[in-house]
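K.L.:
Take a look at this one; I'll ask things after.
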Amino acid sequence: MRFNKFYKNGILLAFLLLTPVSLSCDRITIDFFKDKHRSITKDFYIWRFLDQNITAKEAKALIGEVYNMSNKLFFKFAEKLNEQGFKEIAECIKAGPRELTKASADCIALGLTPQKAVQLTKKELSEVSEKVKEKYPIRAEIYKILSKEDPFDALIKAEPEVFFKLFNGLGDDYIASHFDKPIEKKYIQKFANFYAFNETVKKIAVNEHLTKLQNSILDIDSSRLSAEGNIYLALNALKHGKKENALKYLLTALPKAYKTFEKDRILFWLYQTTEDKKYLIKLSESPKINIYSIYAMEILHKKAKNIVTHINPSDSETDFNFTNPFSWEELKRKAKKADTQQLIEIAEKLNTEEGEPYAAYLFEKAIKFKKEFFIMPYKKYLRKLTPKRKAMILAIARQESKFIPTEISRSYALGMMQFMPFVAEDIAKKLGYENFDLQNLFHPEVAYEFANHHIDYLEKYLYHPLLVFYAYNAGIGFVRRMLQNGSLFRKKGKYEPFLSMEMVPNDQARYYGKRVLANYIIYSQLLGKKVMLVPLLQRLTSSEKIYR
């Protein structure tokens, strides 16, 4: 057999026979890290190690082992090390704005971000500007601008680097309160020649309180901007009833787009703007499943193609340790070096009931992601749930982790459903878990149980799947504030609710909601529920209550 030949070559052993390690976090020792490659997974365990009663020497020994020195990890090191430099840096980053006015120039530059600086008086801002101007002239200019009676006038006359660091670094509320004024075209075009203006355009377009600024960017030369920058210019134009302007920006964006999702997004809005069926037809032929291609297929009565729903797991056993996140890290590391044939062979070996997500990951890599995998692993843990709830959990898990039970994110979200440690610990208490350890989240049955409980909580307040998905990502507080304080999803119009979906004021949630909603539609249909995208979204703009 092809598999036996591959096994004899010894290559498979390097992938699969990873030494099982006890990952109980009752106590982690320094020796635990010796044979571990630098990775986010290792960072997570270093973070947990630093929570223990350890010596400064032990902490120092691990500094060079960190893969990504996040603030979260840096602050832990600062607590444990007897080194003044670390402690001072941590204190500067954590310090409040008024504490920083009394600090050194270095500390101010580290800790006094634009969002903190706006909490100071104009006199305090002038003083800190003087304090840092010799060593940090750009920071000094930022504080100086904020100290002006008319900071907006000073901002638009500033050098581009200062403009972008300040405008793109400020919160939406401050921008709405101080910067919603018309800008002369000469200033707009000066900034439009820089890549950072793409972020500026997005911040202007999605902030519903910036009407004057939005009008200032309705008709500009966008040739130097990215596809995304042009998309947001187009969306802004549509919001203000300028279809011709929108069309110009969309046509500029199309040849600049290199990701399928971005191309599909442009084609969708070209169809909405022109009602030209050629864009809809092209969109319906997309190789990717997303809300845009699903929309086109629904309108044209086509069925989704390019979907893999089963990879037929076998009953065979493997030595791979499915509860060890380091085994998953090692598999990813080795898979990067494998050729197509090797990936397929390894996938076949791992394709068991327990290893189905890992096999799907390898199969996807082997075929260069030319098909969309909508598998349903660990179904036995969902059998008591309704089809709707199953579809919601599967949709979230596919986006969060591709169903990998031992996935760990850069922010240390854990497991298949990517719960942050503090959320998981809260859910564990509510579910009555005794001696709960974060390691429990690496077991699919626990991950699904926690997800079901969390969605129960979200659905008490949010009555539409899309809103639940936003909340799963960005928190229920964010979603309720968005709905209570703005007009998104509460208005009718030709482009609604799609335009509202593009204007969600959180980058990650905006993207996440669209991705998970597409997964939800597909999984609902695979589970026998006739859920269609367009009628589902129409509920958002109906008189139906969607939250409390």
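All of the numbers you see were taken from the coordinates with simple rules; none came from a lab. Since the structure is predicted, the reported quantities are computational estimates derived from the model, not experimental observations. Glycine gets a Cβ as well: all are built from the backbone with ideal geometry, and neighbour counts include every protein chain shown.
K.L.:
List the trypsin sites (Lys or Arg not before Pro) within the range 311-351 that fall in a DSSP loop (any state other than H, G, I, E or B) and whose Cβ has at most 16 other Cβ atoms within 10 Å. Could you put the intermediate results ahead of the total?
P.N.:
Working: sites: K332, R333, K334, K336, K337, K349; in loops: K336, K337.
Answer in residue order: K336, K337.
K.L.:
Bin width 10 Å, alpha-carbon pairs only: give the P(r) of the range 180-253 as whole percents, running from 0 to the bin holding the largest distance.
P.N.:
In whole percents, the pair-distance histogram is 23, 61, 16.
K.L.:
Here are some pairs, K337/K368; K332/K379; K157/K185; which of them have Cα atoms lying more than 20 Å apart in this structure?
P.N.:
K332/K379
K.L.:
Per residue, how big is the convex hull of the chain when only Cα atoms are used? Give it in Å³.
P.N.:
Each residue corresponds to 177 Å³ of Cα convex hull volume.
K.L.:
Another one. Need one number: the % of Cα-Cα pairs in the range 411-548 sitting beyond the 21 Å mark.
P.N.:
Values: 4400 of 9453 pairs.
The calculated P(r) of the range 411-548 puts 47 percent of pairs beyond 21 Å.
K.L.:
Here's something else I'd like to know. Taking the Cα centre of the chain as origin and charging only Cβ (+1 Lys, Arg; -1 Asp, Glu), how large is the dipole, in debye to the nearest 20? Working shown, then result.
P.N.:
Values: 89 positive and 66 negative charges, 328 e Å.
Charge dipole, the chain, about its Cα centre: 1580 debye, nearest 20.
K.L.:
Moving on. How do F478, F374 rank when sorted from fewest to most other Cβ atoms within 10 Å of their own Cβ?
P.N.:
Ranked by crowding around the Cβ, least crowded first: F478, F374.
K.L.:
If we sort 147-154, 237-244 on the protection proxy, mean other Cβ atoms within 10 Å, highest first, what's the order? Please report the intermediate quantities before stating the final value.
P.N.:
Details: 147-154: 14.5, 237-244: 16.6.
The densest-packed peptide leads the list: 237-244, 147-154.
K.L.:
In nm, to one decimal, how far is the modelled label at D31 from the one at K123, with both set 7 Å along Cα→Cβ?
P.N.:
About 6.3 nm separates the two model spin labels.
K.L.:
Here's a follow-up. Test of understanding: what is the full-extension gain from I54 to K288, defined as 0.36 nm times their sequence separation minus their Cα-Cα distance?
P.N.:
Net length gain for the segment: 79.3 nm.
K.L.:
Can you grab the distance from the C-alpha centre of the range 159-177 to the C-alpha centre of the range 220-275, Å, no decimals?
P.N.:
Cα centres, the range 159-177 to the range 220-275: 24 Å.
K.L.:
Counting each DSSP H run of 4 or more residues in the chain as -39500 (n - 2.57), what helix-only mean residue ellipticity at 222 nm follows after dividing by all residues, to the nearest 500 deg cm²/dmol?
P.N.:
-16500 deg cm²/dmol
K.L.:
A follow-up question, please. For the peptides 204-211, 266-273, what is the packing order when you average, over each peptide's residues, the other Cβ atoms within 10 Å and list the highest mean first?
P.N.:
Most protected by this proxy first, the peptides run 266-273, 204-211.
K.L.:
Still on this model: Distance check, please: which entries in K122/K165; K202/K514; K36/K259; K384/K460; K42/K402 exceed 24 angstrom between their Cα atoms? Mind dumping the intermediate values first?
P.N.:
Values: K122/K165 19 Å; K202/K514 17 Å; K36/K259 34 Å; K384/K460 20 Å; K42/K402 20 Å.
From the list (K122/K165; K202/K514; K36/K259; K384/K460; K42/K402), the Cα-Cα distance tops 24 Å for K36/K259.
K.L.:
Note down the relative contact order for the chain as a percent, whole number, built from C-alpha pairs under 8 angstrom at least six residues apart.
P.N.:
11 percent
K.L.:
Taking loop as defined by DSSP and a crowding limit of 12 other beta carbons within 10 Å, which GluC sites (Glu not before Pro) in the range 424-503 fit?
P.N.:
E434
K.L.:
Can you pull out the chymotrypsin sites (Phe, Trp or Tyr not before Pro) in the range 201-265 that DSSP calls coil and that have at most 11 other Cβ atoms within 10 Å?
P.N.:
Hits after loop and neighbour filter: Y258.
K.L.:
Arrange the following residues from fewest to most other Cβ atoms within 10 Å of their Cβ: W328, W47.
P.N.:
Least to most surrounded, the residues fall as W47, W328.
K.L.:
Take the alpha-carbon centre of the range 55-93, take the same for the range 102-131, and report the distance between them in whole Å.
P.N.:
Value for the Cα centre distance between the two parts: 25 Å.
K.L.:
Could you list M392, M69 so that the one with the fewest beta carbons within 10 Å of its beta carbon is first and the one with the most is last?
P.N.:
M69, M392
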